[in-house]
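So the structure is just underneath, and the comments pick up after that.
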Amino acid sequence: MLSFENVTKQYTDGTPAVKDLNLNIEKGEFVCFIGPSGCGKTTTMKMVNRLIDITGGNIYVDGKDIKEQNAVELRRSIGYVIQQIGLLPHMTIKDNIVLVGTLLKWSKEQKNARARELLKLVDMPEDYLNKYPHELSGGQQQRIGVLRALAANPPLILMDEPFGALDPITRDSLQEEFKKLQKELHKTIVFVTHDMDEALKLGDRIVIMKDGEVVQADTPEEILRNP
Ligand code: ADP
Ligand code: ADP
């Protein structure tokens, strides 16, 4: 579903952020990227959805070289959730969830139906659809950010420290909800964290990065056996 082939990234100021990354992520897999701040995790995510250019090597999404795809269409096929989800403050929760529907020219009825369907996934009452972001708690806003990334039903979802700013209880409940979503919706998920407990809990496989390189890529069981 997602392959990295000798991928490198050097920023224009000379910083070598990612060095010779090789990795295959299977369809339906939940892969956690972990490593200290500055090791290249965010850079890797941004290359996949072409927010930044690759310096060397190739990335394939669903077998297709991303360089040969239209960047806007590529991003539409990849859900992206970051810590600062940035819901639009003057739009209702419903309009925030189905933001992509405007681009895809969905009818009002299609948008309403999709927003209702998505909200059911995260255990929030339907009257939240007509509220505005400031009326929701941080954890609720983060749930909406996740739903927004799911709206166009992308097969691949990138999550960059999505729960990092949340209190431990909200975080636990979102982790559980999210693991459930992965299983039920059969998504391929790449999840960046710097918290090993979170990676062990969520990942089918854990990719450990250090100084721009992958130092280990194994199942949680193997990681615990050979740390
Ligand atoms: P993270 O939460 O992944 O550790 P950072 O704090 O490293 O994020 O980076 C936050 C933002 O600042 C990112 O968009 C990143 O691209 C940018 N950034 C990080 N380091 C630099 C740098 N040395 N020069 C310019 N921009 C940077
Ligand atoms: P992580 O997500 O693991 O914290 P990043 O991918 O944000 O790491 O950063 C990897 C390296 O690239 C760091 O040394 C960071 O300072 C640098 N970096 C990130 N963004 C930029 C940028 N826009 N310009 C220059 N250097 C950057």
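Laboratory data are not the source of any read-out in this text; all were calculated from the coordinates shown. Since we're looking at a predicted model, the values are computed, not measured. Here Cβ is always computed from backbone atoms with ideal geometry, including for glycine, and neighbour counts include all displayed protein chains.
Which parts of region 59-102 would a label at TYR132 reach, counting a residue when its backbone N lies under 17 Å from a point 7 Å out along Cα-to-Cβ? Of the residues in region 59-102, 86-97 have backbone N under 17 Å from the label point off TYR132. DSSP beta bridges fully contained in the chain are about 50 percent antiparallel. Once the Cβ-Cβ distance of ASN153 and LYS64 is raised to the sixth power relative to R0 = 22 Å, the FRET efficiency obtained is 0.75. Note on region 101-227: percent of Cα-Cα distances in each 10 Å bin, starting at 0 and stopping at the bin with the largest distance, equals 10, 38, 32, 14, 5, 0.
A Förster radius of 35 Å, combined with the Cβ-Cβ distance separating GLU117 from THR219, puts the computed FRET efficiency at roughly 0.60.
In this label model, THR15 and LEU99 are separated by 2.4 nm, measuring between points 7 Å along each Cα→Cβ vector.
Report Rg/Rh for region 34-77, rounded to two decimals, where Rg is the Cα radius of gyration and Rh the Kirkwood radius. The partial results should precede the final answer.
Working: Rg = 11.2 Å, Rh = 11.2 Å.
That ratio is 1.00, to two decimals.
Take the convex hull of the alpha carbons in region 130-199; its mean projected area over all directions comes to 5.1 nm². Translational diffusion coefficient, Stokes-Einstein: compute it for the chain using the Kirkwood radius over C-alpha pairs as Rh, at 4 °C and 1.567 mPa s, and state it as an integer in µm² s⁻¹. Here the translational diffusion coefficient equals 71 µm²/s. Relative to one another, the C-alpha centroids of region 53-97 and region 163-227 are positioned 20 Å apart. The residues neighbouring VAL48, those whose beta-carbon lies less than 11 Å from its own, together hold a net charge of +2 under the Lys/Arg +1, Asp/Glu -1 convention. Each eigenvalue of the Cα gyration tensor of region 1-118, multiplied by 5 and square-rooted, gives one semi-axis; in descending order these are 31, 17, 14 Å. Placing pseudo-labels 7 Å out from each Cα toward the beta carbon at THR8 and LEU200 gives an inter-label distance of 3.6 nm. Over region 74-144, with a single point scatterer placed on each C-alpha, what log10 of the ratio I(q)/I(0) does the Debye formula yield at q = 0.14, 0.17, 0.19, 0.20 1/Å? With one equal scatterer per Cα and no solvent, log10 I(q)/I(0) is -0.41, -0.62, -0.78, -0.87.
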